[in-house]
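One structure is given here, and the rest of the page talks about it.
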Amino acid sequence: MAGILEIRWHARGGQGAKTASLLLAQAAAMEGKYSQGFPEYGPERMGAPMRGFTRISEEPIRLHCAIYSPEIVVVLDDTLLSAVDIAGGTPDDGIILVNTVKSADDVRKELDLKDRKIFVIDATGIAIEEIGRPIPNSPMLGALIKITGLLSLDAVINEIKKKFSHGFRPEVLEGNVRAITRAYEEVKEA
Amino acid sequence: MARRLTLTGNDAGAEAMRQIDPDVVAAFPITPQTELMHKFAEHVADGDVKAEFVLVESEHSAMSATVGAAAAGARAMTATSANGLALMWEIVYIAASYRLPIVMPVINRALSGPINIHCDHSDTMGCRDSGWIQLYSEGAQEVYDNLLQAVRIAEDPDVLLPVMVTFDGFIISHTAEVLDALEDAEARKWVGEYLPKYSLLNTEDPVTFGPLDLQDYYFEHKRQQVEGMRAAPDVIRRVGREYGELTGRPYDLLERYRTDDADLVIIALGSTCGTAKTVVDWMRDEGKKVGLLKIRAFRPFQEKEVAESLKGAQAIGVLDRSISFGAPGGPVHKEIRAALYGADCDTPIVNYIYGLGGRDISTDHIRTVFEELEKLPGSPTPEDNIRFIGLRE
């Protein structure tokens, strides 16, 4: 979409894609950009495939429709690679970032794609080690901003701090910050 | 000084309500309104507001408690969606006929059945004749702005009518967007102290609300409601102008987006207007003379201004996000047709029903509408003038 960067999130209910799609929008706004974050609400249940969306622009965004041609797709659960149309609507030079222990080459084969930039990160592993729970959304944000240069690491960490400043133990916040930072450093391309 | 925030439409509504800090808020949850009241309840629990928060057992009770509080002289609010609005129906009419300046966000959602939690305008269109002012919002910014203005409009002594501020369920209510909000002191000064003209608790000037009112006076009271609604356009315009002076964002009853020299004009309400403006810009860049007439105030409906705005159009597309079963097209379409009757206008008009139950309306859909309109100038309104967007037939 001209002048607007569009991102689609694929996840299963409970993995935090709604939070991630909104948090990225909020972090972008804190850096002076305009943004939208919105999940697609279906019959919500844990484990069901769901999608979230983020738009980021230098200009005010007036669109209020779904995203059909995202430049970037973020996949929080690699069992979705064969279950839903991950690459649908993406351009040839689009970016696909997957939370997986597989290599980027294996993901490319599974998606049967010749072009597009594919990146992988074991966000669930990082989340278990750093946060103590298998919720991959925070580390996926870290990986996403690294490969796209969308925002600074500080911007996302500040937004996470705001998000987790109420009602969460300090170690949860610290774990999330460590997880984001590690994913930022560890994300790999094919 | 504006505060730049990133909020969902629901949170933007709760932020406006926090600053308005009504005396009484009555609430019953219904998707997609729930998060708005959830957020406002947090403000109550945190002591950010002084409002008396009344948890009730149904929407019928929510509106009843709001009416009771408003009649007692309180600034009172509630919020709802779809079936919740349907359940409060009886009292919705009573609020207007008692001339109570209640402000109510309505988060648009399809009416059952089959059950559907997503957006269309069947809920608020259904009560377009209830005597409430209706302001439709394009995005989170307008949710906030419309709510702050609605208090001033409703409480204006020449108006004294309740106001619904509507916004599209999920599309606005659950989408985080960037908006500018006033500082608390500015917002509170804008809203001002509420001095009710009539109050049950003012024993110096005793009044009665809602007595039996039969053949002798009921008709005159309805006539007075008509007068309140007739006074509303000037008040909405004045409040919108003053709000513009305060914030840099002026408001009117209608917004003419690049319609001045437009050959093809579409008419819409709510979030679709944002998507349509984007398409208008793209098609203008391609040299097409297209425009959007956005209807912010559906009640009161400004037929003369609408007709004036459409004077130069050679083809008109009216987008309706609800159906009026058995009628010639949707509610907006009928108003537009009526507004153009006698306006020396034989412009072809096509009605597009779209987006029921949350069906997405994309930029491609809106472009297709303009492309269909492009074939019409010079010919009469086609036989198939009621069309459906994005529907499997």
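The values are calculated or read from the model by the stated rules, or taken from the named source; none is laboratory data. These figures come from a predicted structure and were not determined experimentally. In this analysis, Cβ positions are derived from the backbone assuming ideal geometry, glycine residues included, and neighbour counts consider all displayed protein chains.
Structure notes:
- Pair list, Cβ < 7 Å and 6+ apart or interchain, from region A:141-167 residues that are surrounded by fewer than 18 Cβ atoms within 10 Å (Cβ to Cβ) to residues that are of a type in the set (S, T, N, Q): A:Leu153/A:Thr181
- Any hit, region B:107-115, residues being part of a helix (DSSP H, G or I) and in the same structural domain as B:Thr208 (by TED's automatic domain parsing): no
- Pick from region B:104-144, criterion more than 13 Å from chain A (Cβ to nearest Cβ) and among the charged types (D, E, K, R), ranking: surrounded by the most Cβ atoms within 10 Å (Cβ to Cβ): B:Asp120
- One residue stands out in region B:75-103 among those that are touching a residue at least 60 places away in the same chain (Cβ under 8 Å) and charged (D, E, K, R): the one that is surrounded by the fewest Cβ atoms within 10 Å (Cβ to Cβ), namely B:Arg99.
- Residue in region B:58-81 that is touching a Lys or Arg at 6+ places or on another chain (Cβ under 6 Å) and either assigned to a strand (DSSP E or B) or closer than 20 Å to B:Ala150 by Cβ (or both) present: yes
- Where A:Ser57 falls short, out of the listed (1) more than 14 Å from chain B (Cβ to nearest Cβ); (2) surrounded by fewer than 22 Cβ atoms within 10 Å (Cβ to Cβ): (1)
- Scanning region B:164-184 for residues that are within 7 Å of another protein chain (Cβ to nearest Cβ), of a type in the set (Val, Ile, Thr) and outside any loop (DSSP other than H, G, I, E, B) turns up just one, B:Val178.
- Restricting attention to region B:334-393, the residues that are touching a residue at least 40 places away in the same chain (Cβ under 8 Å), aromatic (Phe, Trp, Tyr) and in a loop (DSSP other than H, G, I, E, B) total 1.
- Filter result (part of a helix (DSSP H, G or I) and of a type in the set (Lys, Arg)) within region B:298-333: B:Lys304
- Residues located in region A:98-122, provided they are charged (D, E, K, R), closer than 12 Å to A:Ala87 by Cα and in contact (Cβ under 8 Å) with a residue 60 or more places away in the chain: A:Arg108, A:Lys117
- Across region A:1-49, the qualifying residues are those that are aliphatic (A, V, I, L, M) and without any contact (Cβ under 8 Å) to a residue 40 or more places away in the chain, and the one among them that is farthest from the other protein chains (Cβ to nearest Cβ) is A:Met46.
- For the residues A:Ser21, A:Ser35, the requirement of being in a strand (DSSP E or B) and within 17 Å of A:Lys162 (Cβ to Cβ) singles out A:Ser35.
Results for (1) modelled with pLDDT of 95 or more; (2) closer than 17 Å to B:Gln149 by Cβ; (3) basic (Lys, Arg), shown as yes or no for each residue.
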| position | (1), (2), (3) |
| --- | --- |
| B:Phe219 | yes, no, no |
| B:Ala232 | yes, yes, no |
| B:Glu245 | yes, yes, no |
| B:Val265 | yes, no, no |
| B:Thr275 | yes, no, no |
| B:Gly287 | yes, no, no |
| B:Gly291 | yes, no, no |
| B:Arg296 | yes, yes, yes |
| B:Phe301 | yes, no, no |
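- Condition check for A:Pro70: in a loop (DSSP other than H, G, I, E, B), within 13 Å of chain B (Cβ to nearest Cβ) and either in contact with a Phe, Trp or Tyr (Cβ under 6 Å, 6 or more places away or on another chain) or closer than 28 Å to A:Pro134 by Cβ (or both): no
- Remark: A:Leu81 matches the filter, which requires a residue to be away from chain B (no Cβ under 14 Å) and either in contact (Cβ under 8 Å) with a residue 12 or more places away in the chain or among the basic types (Lys, Arg) (or both).
- Tally of residues being of a type in the set (S, T, N, Q) and either at pLDDT below 95 or in a helix (DSSP H, G or I) (or both) across region B:118-148: 4
- Residue match in region B:178-201 (condition: within 28 Å of A:Met30 (Cα to Cα) and touching a Pro at 6+ places or on another chain (Cβ under 9 Å)): yes
- One residue stands out among those in region B:255-292 that are among the hydrophobic types (A, V, I, L, M, F, W, C) and closer than 22 Å to B:Cys119 by Cα: the one that is farthest from the other protein chains (Cβ to nearest Cβ), which is B:Ile267.
- Residues of region B:289-333 classified as without any contact (Cβ under 8 Å) to a residue 24 or more places away in the chain and among the hydrophobic types (A, V, I, L, M, F, W, C), total: 2
- Number of the condition not met by B:Ile236 [criteria: (1) outside any helix (DSSP H, G or I); (2) in contact with a strand residue (DSSP E or B) (Cβ under 7 Å, 6 or more places away or on another chain)]: (1)
- Note on region A:172-187: residues that are over 14 Å from the mean Cα position of the chain (by Cα) and among the aliphatic types (A, V, I, L, M) total 3.
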